[in-house]
């Protein structure tokens, strides 16, 4: 349960940061928080598949932000079609 809580906290922080990085390309505060949580899960999965292991809060936030940015980018591509 503690791990799930950390994924949510890191995801919320990552969603906020991804929204700040991609100014104007997000989904508002609540949407970016949801994207951050999904990005946290996706980023951790992606890095694990690539053979990278992250340790510590900061590393998990970086991975989650990367995952959230990828999700925002893909959704942005799909929205323009």
How do the pairs read when you match residues in segment 27-42 that are under 12 Å from residue 71 (Cα atoms) with residues anywhere that are part of a loop (DSSP other than H, G, I, E, B), using Cβ under 6 Å and keeping only pairs 6 or more apart or on different chains?
32/26
Among the candidates 59, 14, 79, residue that is touching a helix residue (DSSP H, G or I) at 6+ places or on another chain (Cβ under 7 Å) and without any contact (Cβ under 8 Å) to a residue 60 or more places away in the chain
14
So, in segment 8-26, exactly how many residues are at pLDDT 75 or above and over 15 Å from residue 66 (Cβ atoms)?
3
Among the numbered criteria (1) in contact with a helix residue (DSSP H, G or I) (Cβ under 9 Å, 6 or more places away or on another chain); (2) free of Cβ contacts under 8 Å to residues at least 12 places away in the same chain, which single criterion is violated by residue 19?
(2)
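The values are calculated or read from the model by the stated rules, or taken from the named source; none is laboratory data. As the structure is a computational prediction, the values presented were derived from the model and not from experiment. Here the Cβ is made from the backbone with ideal geometry for all residues, glycine too, and neighbour counts use every protein chain on show.
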